[in-house]
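This report refers to the structure that appears directly beneath it.
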2 protein chains.
Amino acid sequence: MAELKNDRFLRALLKQPVDVTPVWMMRQAGRYLPEYRATRTRAGSFMDLCKNPELACEVTIQPLERFPLDAAILFSDILTVPDAMGLGLRFAEGEGPIFDRPVRSAADVDRLFVPDPEGELKYVMDAVRTIRRELNGRVPLIGFSGSPWTLATYMVEGGSSKEFAHVKGMLYDQPALMHKLLDVTAQAVTQYLNAQVDAGAQALMIFDTWGGALTPRDYQEFSLRYMTKIVSGLKREADGRKVPVVLFTKGGGQWLESMAEAGADALGLDWTVDIGAARARVGDKVALQGNMDPCVLYASPERIRAEVASILAAYGQGSGHVFNLGHGIHQHVNPEHAAAFVEAVHELSASYHP
Amino acid sequence: MAELKNDRFLRALLKQPVDVTPVWMMRQAGRYLPEYRATRTRAGSFMDLCKNPELACEVTIQPLERFPLDAAILFSDILTVPDAMGLGLRFAEGEGPIFDRPVRSAADVDRLFVPDPEGELKYVMDAVRTIRRELNGRVPLIGFSGSPWTLATYMVEGGSSKEFAHVKGMLYDQPALMHKLLDVTAQAVTQYLNAQVDAGAQALMIFDTWGGALTPRDYQEFSLRYMTKIVSGLKREADGRKVPVVLFTKGGGQWLESMAEAGADALGLDWTVDIGAARARVGDKVALQGNMDPCVLYASPERIRAEVASILAAYGQGSGHVFNLGHGIHQHVNPEHAAAFVEAVHELSASYHP
């Protein structure tokens, strides 16, 4: 493997000194880039793109060609795992993901199994291997998965949901069944993430997009508990370096103290938290990743720069901060605004790392 | 006016002793009730129903005929105010609200005006008068409005939004223009709520559905500030009784301390906060309203009862708690489950009011 030329991202996650604050953007390979849209058109459907390692590699690297980002993230989808568990994923135009065989009954849960990461999910590992080779040590590669609870919302609802009627009905009325579903999903995610490390991922992120829809009690029991289990089962070293893990619960700002106990190296923050206050709350336990409102990228480059300055000042001196948006970049953002964002982070952060 | 026969709701909001914890449900007059759907069919469109005082009264009272609720809430929509400001509201089937003339430019903001509550909005005041008369002192009547920021999201986006691209673009890039929009909207809301009190509303609630989409700094500046302004301009007494005001920011659990300073009598809580922890945080400053996850109503009556018990125990002894859901009741809930919920609150809460 080629030596890593830029390890700011890994160093910041481990709170080791850096020259400037590293930055990447959630969903940085995506529809806001015309080159992504072109590759997507060549690929066919969204899942065709995910399942084609060469094209998944191409779109993963596209944003790095435009912006001096400090990390690449595997281009894939969180729903690859339940798809490999036999639920039949498809993306209907304008409707988002749909599972043809949602999990609604005890019999449905019994049928779930831990997919072989080098079997049903080999296309993901092939993508990781291809991207890692093509990156050639330029920046670290992040592997990822959805959290068990977040995957469960799609698995039980059969797609996206605003109300979570079915999945919360199961949680409230059949908690043992919900735990069984989450347990097998957590095993699947653990194997999936470890296989990504074996294939070349140098850091891992767990996306808990819907943990914030739970009560504080149920967040602990049905989401954080399974993320903690996963983290404790992960390979934490590869190529003689630590593989840092980032936990991100959107809407989890009220629960940072308990998230910091999960064993991860860093927490992702959405923009509803002041990052300085968050740092004071978690102390030395974890690094922080975030947390500019993605909507700031609709504003002028001057305004973007001011917002970056404000977040850097809130975090303050020293390492332990990976700059990011508080959620994925939106599809209608002007790529030049993303460029202004990345540039501002590097330029304005140097003084915080004397 | 008929004397109020059940004043638990008003007393709890003012932290005066009560026999049992009062309870009502956000969106208690709604699609989960077959009798509502029947009236709605007779009325025509959703806005036809809002604009017909007799039918709005009918659906307001329907849930009280089924359940021993401790308050009625005016049947209306938060978008009546921007509609009266000339934006042209309609509801497209399956698409939610649409404004034909969204507010995008300085010229659009300049055209906004404070509507006359007894002019363009007279149908709302007629509904309040009709409902108050028909209630005949049975329970207090709650009037309401959306918060300026929440109304602004619809006014600028032209409808519902997930990304808030336009409204946050304006907030970040043209803050002075956004303040101008919010200022006229806050004036409109103040007059609207005061007119509801004149027409017979005995308590007021401000719904800030989208305040939780803001950064902590912008929540203070663009949402809480205008709600505070409104509260300071409200009539707080009618018929020789105090008219309590409830502020509800969905997703505002991180900001309860500052919300408690806004001058309202109570804060509404969604279900992502433990109500006991919330009580400790706000101290004696405000009463609390909430906060059961509406999805619990998909579970069995036994499970609903257990969840009610858990929330009552978390709040603890004494007055200052109005039981409610953490958001509006969902349309697919079985009305018998709503009945079990209301019954559980009254039965299980007596021991907390010795």
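Coordinate-derived values only; no laboratory data. Computed from a predicted model, the values in this text were never measured in an experiment. Reconstructed Cβ throughout: ideal geometry from the backbone, glycine too, with neighbour counts over all protein chains shown.
What residue among B:Tyr172, B:Tyr32, B:Tyr123 shows peak mean-square fluctuation when chain B is described by a Gaussian network model with Cα springs under 10 Å?
Judging by the Gaussian network model, the answer is B:Tyr172.
If you project the alpha carbons of the protein assembly as shown onto their three principal axes, what span does each projection cover, largest first, in Å?
83, 58, 46
Place the label 7 angstrom along Cα→C-beta at A:Gly96 and in each other copy, then list the distances from the first to the rest in nm, shortest first.
1.1
Only Cα pairs under 8 Å and at least 6 apart count here; give the relative contact order of region B:31-287 as a rounded whole percent.
Relative contact order for region B:31-287 comes out at 16 percent.
Averaging the inverse of every distinct alpha carbon separation and then flipping it gives the Kirkwood radius. What is it for region A:34-286, in angstrom units? Write down the numbers at each step before the final one.
Working: mean 1/r = 0.0535 Å⁻¹.
Computed over Cα pairs of region A:34-286, the Kirkwood hydrodynamic radius comes out at 18.7 Å.
Under a Cβ-only charge scheme (Lys and Arg +1, Asp and Glu -1), can you give me the dipole magnitude of chain B about the Cα centre, in debye to the nearest 20?
Charge dipole of chain B: 280 debye, to the nearest 20.
Need one number: the % of Cα-Cα pairs in region A:191-332 sitting beyond the 27 Å mark.
24
How many percent of all Cα-Cα pairs in region B:67-157 sit more than 17 Å apart?
56
If you count, for every residue in A:167-175, the Cβ atoms of partner chains within 10 Å of its Cβ, what is the mean? Don't jump to the answer; show the numbers that get you there.
Values: counts 2, 7, 7, 2, 5, 11, 7, 3, 2.
Going residue by residue through A:167-175 and averaging, the value is 5.
State the number of lysine pairs found in region A:34-286 whose Cα atoms come within less than 26 Å, restricting to pairs 8 or more positions apart or on distinct chains.
22
Which residue in B is nearest the B/A rotation axis when you measure from the C-beta atom, and what is the distance in Å?
Residue plus distance in Å, as requested: B:Gln254, 3.
Is it possible to state the helix-based mean residue ellipticity at 222 nm for chain A, with each DSSP H run of 4+ residues giving -39500 (n - 2.57), the sum divided by total residues, to the nearest 500 deg cm²/dmol? What is it?
About -12500 deg cm²/dmol.
Quick one: helix B:335-349 against the long Cα principal axis of chain B, what's the angle to the nearest 10°, folded into 0 to 90?
The two axes meet at around 60 degrees.
May I ask for the angle, rounded to the nearest 10°, between helix A:53-66 and the longest principal axis of chain A, with both axes built from Cα atoms and the value confined to 0 to 90°?
Between the helix axis and the principal axis of chain A, the angle is about 30 degrees.
Can you pull out the GluC sites (Glu not before Pro) in region B:1-106 that DSSP calls coil and that have at most 13 other Cβ atoms within 10 Å?
Those satisfying the criteria are B:Glu3, B:Glu93, B:Glu95.
Quick one: among B:His321, B:His179, B:His332, which has the greatest mean-square fluctuation in a GNM of chain B with alpha-carbon springs under 10 angstrom?
Among B:His321, B:His179, B:His332, the largest mean-square fluctuation in the Gaussian network model of chain B belongs to B:His332.
Taking the 0 to 90 degree range and rounding to the nearest ten, how far is the long axis of helix A:34-43 tilted relative to the main principal axis of chain A, both from C-alpha atoms?
Approximately 30 degrees, to the nearest ten.
Give the residue list of GluC sites (Glu not before Pro) in region A:236-341 that are DSSP loop and have at most 13 other beta-carbon atoms within 10 angstrom.
A:Glu261
Gaussian network model of chain B, Cα springs within a sub-10 Å range: biggest mean-square fluctuation belongs to which of B:Arg132, B:Arg11, B:Arg37?
Comparing B:Arg132, B:Arg11, B:Arg37 in the GNM, the peak value goes to B:Arg37.
Working from the pairwise distances between different alpha carbons, so that the mean of 1/r is found and then inverted, what is region B:96-244's Kirkwood radius in Å? Working shown, then result.
On the way: mean 1/r = 0.0619 Å⁻¹.
16.2 Å is the Kirkwood radius here.
Starting from the coordinates of the alpha-carbon atoms of region B:265-313, obtain the Kirkwood hydrodynamic radius over all distinct pairs and give the value in Å to one decimal.
Result for region B:265-313, one decimal place: 11.5 Å.
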